1. How would you order A:35-46, A:289-300, A:262-273 from highest to lowest mean count of nearby Cβ atoms within 10 Å?
2. Would you mind checking the radius of gyration and Dmax of the protein assembly as shown based on alpha-carbon positions, in Å?
3. Please list the non-local residues whose amide H lies under 5 Å from the amide H of B:Gly45, H modeled 1.01 Å from N, same-chain partners needing a gap of 5 or more.
4. Evaluate peptide B:108-115: per residue, the Cβ atoms of other protein chains within 10 Å of its Cβ; return the mean as an integer.
5. With labels modelled as points extended 7 Å from the Cα through the Cβ direction, what inter-label distance (nm, one decimal) is found for A:Arg220 paired with A:Thr155?
6. Once the convex hull of the alpha carbons of chain B is built, what does its volume come to per residue, in cubic angstrom?
7. If I take R0 = 45 Å and measure r between the Cβ atoms of A:Glu35 and B:Lys75 in this structure, what FRET efficiency does the formula 1/(1 + (r/R0)^6) give, to the nearest 0.05?
8. Mind checking the log10 I(q)/I(0) for segment A:278-332 at q = 0.15, 0.22, 0.26, 0.27 Å⁻¹? Debye, one equal scatterer per Cα, no solvent, two decimals.
Amino acid sequence: MDDVEAAVAGAFRDEWGRVVATLIRTTGDWDLAEECAQDAFARALAHWPRAGIPDNPGAWLTTTARHRAVDRLRREAVGAAKAREAAVTAPPGGLTDGGGGDGGDSGIGDERLRLIFTCCHPALSLEARVALTLRTLAGLTTAEIARAFLVPEATMAQRLVRAKRKIRNAAIPYRVPPAHLLPDRTSAVLAVLYLLFNEGYAASSGADLVRSGLCAEALRLASTMAELMPDEPEALGLLALMMLHDARRTSRVDAAGDLVPLDEQDRSRWDATGIERGVAVLESALRRGEHGPYQVQAAIAACHATAPDPAATDWGQIARLYRELGRLAPSPVVELNRAVAVAMADGPAAGLALVERIESSGALGHYHLLPATRADLLRRLDRRDEAAAAYRRALAMAVGETERRYLERRLAEVLPAP
Amino acid sequence: MRYVLMICDDEAALLARRPEENAEFLGEYGAFGEEMTARGVLRDGNRLRPTSDATTVRVRDGEVLTADGPFAETKEQIGGYYVVDCKDLDEAIEVASKIPSARIGTIEVRPIWEM
């Protein structure tokens, strides 16, 4: 049973987006597509233990979801539904695929790109774009998305319902935009892909910190985006950023699944080839001479990834890059990261001053890393009582299990020995 | 899919224009109308008289309440509209972006709720 569950979980990670994307294209109905995809995965759990795991789980799931959609549409069986049924039962690759019937499309073959460009349409709010992509493409639950964006689950559910309604009622086209619209529609897609990568890198849902499938998904899409838009250095910048993070992914948690801070990571476990490739992609982006937030973030990641040991890290350069990032894309989270870099370059007191400035601005009031950073700086200043209080505040806000264990370990360090 | 493109701009500023400016602007509208008719998307369209000629009507407790002018005072008013039949929202956005007033005001694109 465990094998089958693992196979279904794996197929879910790998195939959910493709199954939903295909069903949306053939039925034109987002809710129906999601429901039938969900149903197909439920059937896999029931069917695979008896019949064995199919050779091509993705094809099995798509076919099952497709049949389910046909059944549903037959039951409706009136007017427009008939026409959609014809589309669903048409052989894959026919009728609506690629060369056929899809006028105005850029001719990009990946089903999921069609889906992501539609999810990221500028007529949708940015919040809706992100939520929709994570739900339909990555298959995150509404609860997970709500947690990632610090809003109540009901709010997120409502956001998704409204976004899908608008796509239907305003006739937002389901396609990769034609060439003349493509550049304008790219930055929202990149933002969504980065969020997707981050969701995989530090999943908000407890036990499994690194859901590598999501990272791989984001990497694959980012790589396709970079190929698709060779003149867009930010697409390359984002790809480089993801590659550099990904190369250090396995050392980010220890055998017990606990978060390992950067300075304690075993750098021999970093993927040297991956780092080299990431740096090469970054360099090809930088050569175009148009700096953007992703390229700067990739440069920061490269500073970390190419330092042979923590002491060799060029924190001064990292602090400068964070200042540049804050200029290109101002945000309190960037300011918090700059505070950490400044603390490393100029000492914890200098970093603490920046943290206190963020605190007094009232920003990041619900972000556990603000008190967590404050706590770490106070610990290094040996102000143990204050550090303990800040760790407790961070613990009250942190939701990930591994982050909680990290904070608890640090809290124990600053408490007086019993 | 049919959309209404509502042209919202500052009517006071428009009415204060010099005649030659006005003529040029109307000329642009004429060109827009011809282009979109030739393309086959334009179904209907009209310029509206200013809000000073408007009357608002409400019925409360069975009583008809008539008032002068628009219900809400805003900086931009609906000065005209087009009904267009477009393939999808992208086309409607593209058509809306070509309305001369889009450069000075706002075009609101609303799908028609087909009954």
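Here, each number is a calculation from the coordinates, and none is a lab measurement. Everything numeric here is computed off the predicted structure, so don't read it as measured data. So basically every Cβ, Gly included, is an ideal-geometry build from the backbone, and we count neighbours across all protein chains shown.
1. A:289-300, A:35-46, A:262-273
2. Just the Cα atoms of the protein assembly as shown yield Rg and Dmax of 27.6, 88 Å.
3. B:Val83
4. Shielding by partners across B:108-115 averages 1.
5. Between A:Arg220 and A:Thr155, the label points sit 3.3 nm apart.
6. Details: hull volume 13.6 nm³, N = 115.
That works out to 118 Å³ per residue.
7. On the way: r = 45 Å, r/R0 = 1.00.
Using R0 = 45 Å, I get an efficiency of 0.50.
8. These q points yield log10 I(q)/I(0) values of -0.43, -0.86, -1.06, -1.10.
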